[in-house]
Amino acid sequence: MSILPKADFEKIRKSYQNSYDAVLYEVDPFGTRKGTTDTITNLPPLKNARAHALAESVRWGEPYTFFMMPNVISWMIPLVCDGEVRGGLVGGEVLSDNDSYEQLEAINHLAAAGTFRPAAEKYIQALPVWEQEQSQKAAEFLFSLTCCTLSWNISLLSENRKKALRQQQIAEEIHRRKQGFGNRTLMDDERTLLSLMKAGDQKGARRELNKTLGALFSHTADIRLLKAHVIEMMGYLVRNAIEDSPQMSSLIEKNHDWMAAIIDADNFETLSNVVADSLDDFMRNIYLHGQNRTNETVARILDYLSENFHETITLEMLAVEVGLSTFRISHLVKEQTGKTVLQHVHQLRVQEAQRLLEQSNMSCTDIAYESGFGDQSYFIKQFRKWMGITPSRYRKLYHSKTGSTDS
């Protein structure tokens, strides 16, 4: 069943496509695309990304541009009437970069979510390449067009927009006084960082974090102020994650550990390393819990996998940890997340291997043991299965992309 009356949707669609050659579609409040049987577009990670974008667009009372997955940008228009969120309009899916390495990241993201690689390649390669400014203009145009076409009461969006503008003005004044941060506010940086992490774009999130840390350091060399800013940023990320998924309340305890490490850092380099490690830990939890929003037992299992994937993990160990039979654990994890326990472990290990390939000079043999695979040939086999290329080829592609020769 459509969210908008058919005549209104067609009027908006035709006017929009006359100005922007992009596909317009409806999503329900849970991020599910309406009126399609396409198996890719409603994969859990994509639905979660759209659901989060819809919540953010309602929260800020404006169109919300976000990363649907690594290198793929989309934008959400909230459909709200009389205080009820009925769903949203997605104004397109476009590539932000035509680079083959970046496209590989998006293809791997879909493959990891359960799509056959040929189908994932076809899906990504069919997307147009847009400049980010063009996406933003399209989002603003669609928002205005939707508001003008519909006669709905959008007072909720108007009120949220006023609050957002108030917060933005306060942030801009703080920003103006600080000086030296460019045109973006720290709030913008944090929102972008969270969006990248929810899209599973770990590299993009790390780049955004480095930009934020550089901006902070350009403002003050006082390590105490830097720590205060970083602790505030981590609190923002944790708070938003828990609001999005209450099952992630275990992040509160983890955040205490991260804060302790941040407080103990005695220089900027140590602080940067601590924050990077904390961010990697945070993203692992975002990835896992993004696939489970309701079951507390599965949340405990995912927490255990996140903390112990470097070591040998068996179903018997999990049975002791959560007090269920191995059969029940296997069934429950597969039912709730769409993946087996072993698939979760393998993907966590591959993600860790990616990080080590990018940030260290360790050999593939050492990385195999460090990431938990133990055997180099098995590591290479699993890495190629998940990423589509060998570890050594991945490292060469990464360094050719970043222009670096070492980590």
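The values are calculated or read from the model by the stated rules, or taken from the named source; none is laboratory data. Everything numeric in this text was worked out from a predicted model, so none of it was measured. Methodologically, a virtual Cβ is constructed for each residue, glycine included, from the backbone with ideal geometry; neighbour enumeration extends over all protein chains shown.
Take the residues in the range 86-120 that are under 13 Å from residue 46 (Cβ atoms) and under 15 Å from the mean Cα position of the chain (by Cα); name whichever of them is surrounded by the most Cβ atoms within 10 Å (Cβ to Cβ). The residue in question is 106. Checked against the criterion of being of a type outside the set (Asp, Glu) and touching a residue at least 24 places away in the same chain (Cβ under 8 Å), the candidates 390, 326, 314, 337 yield just one match: 337. If the condition is being charged (D, E, K, R) and either more than 14 Å from residue 347 (Cα to Cα) or touching a Leu at 6+ places or on another chain (Cβ under 7 Å) (or both), then the range 360-400 contributes 366, 370, 375, 393, 395, 396. In the range 37-60, the residues that are outside any helix (DSSP H, G or I) reach residues that are not basic (Lys, Arg) with C-beta atoms within less than 6 angstrom, at least six apart or across chains, in these pairs: 40/115; 40/123; 42/32; 43/113.
With the structure loaded, tell me whether residue 83 is at pLDDT 90 or above and over 20 Å from the mean Cα position of the chain (by Cα) or whether it fails that test. Write out each step before concluding.
Numbers: at pLDDT 90 or above: no; over 20 Å from the mean Cα position of the chain (by Cα): yes.
For residue 83, the condition - at pLDDT 90 or above and over 20 Å from the mean Cα position of the chain (by Cα) - is not met.
The set of residues in the range 385-396 being surrounded by 15 or more Cβ atoms within 10 Å (Cβ to Cβ), at pLDDT below 90 and in a helix (DSSP H, G or I) consists of 386, 387, 394, 395.
Within the span defined as the range 282-291, one or more residues are within 23 Å of residue 47 (Cα to Cα) and among the aromatic types (Phe, Trp, Tyr).
Can you tell me how many residues within the range 312-339 are assigned to a loop (DSSP other than H, G, I, E, B), surrounded by fewer than 14 Cβ atoms within 10 Å (Cβ to Cβ) and on the phi < 0 side of the Ramachandran plot? Reasoning before the result, please.
So the first thing to find is which residues in the range 312-339 are assigned to a loop (DSSP other than H, G, I, E, B), and the list is 312-314, 323-325, 338-339.
Next, only the ones that are surrounded by fewer than 14 Cβ atoms within 10 Å (Cβ to Cβ) stay: 312, 314, 323, 325.
This time we only want the ones that are on the phi < 0 side of the Ramachandran plot, so: 312, 314, 325.
Total meeting the criteria: 3.
Against the conditions (1) modelled with pLDDT under 90; (2) surrounded by fewer than 19 Cβ atoms within 10 Å (Cβ to Cβ), residue 29 satisfies every one except (1).
When 184, 191, 224, 176 are checked against the criterion of being modelled with pLDDT under 75 and assigned to a helix (DSSP H, G or I), a single residue qualifies: 176.
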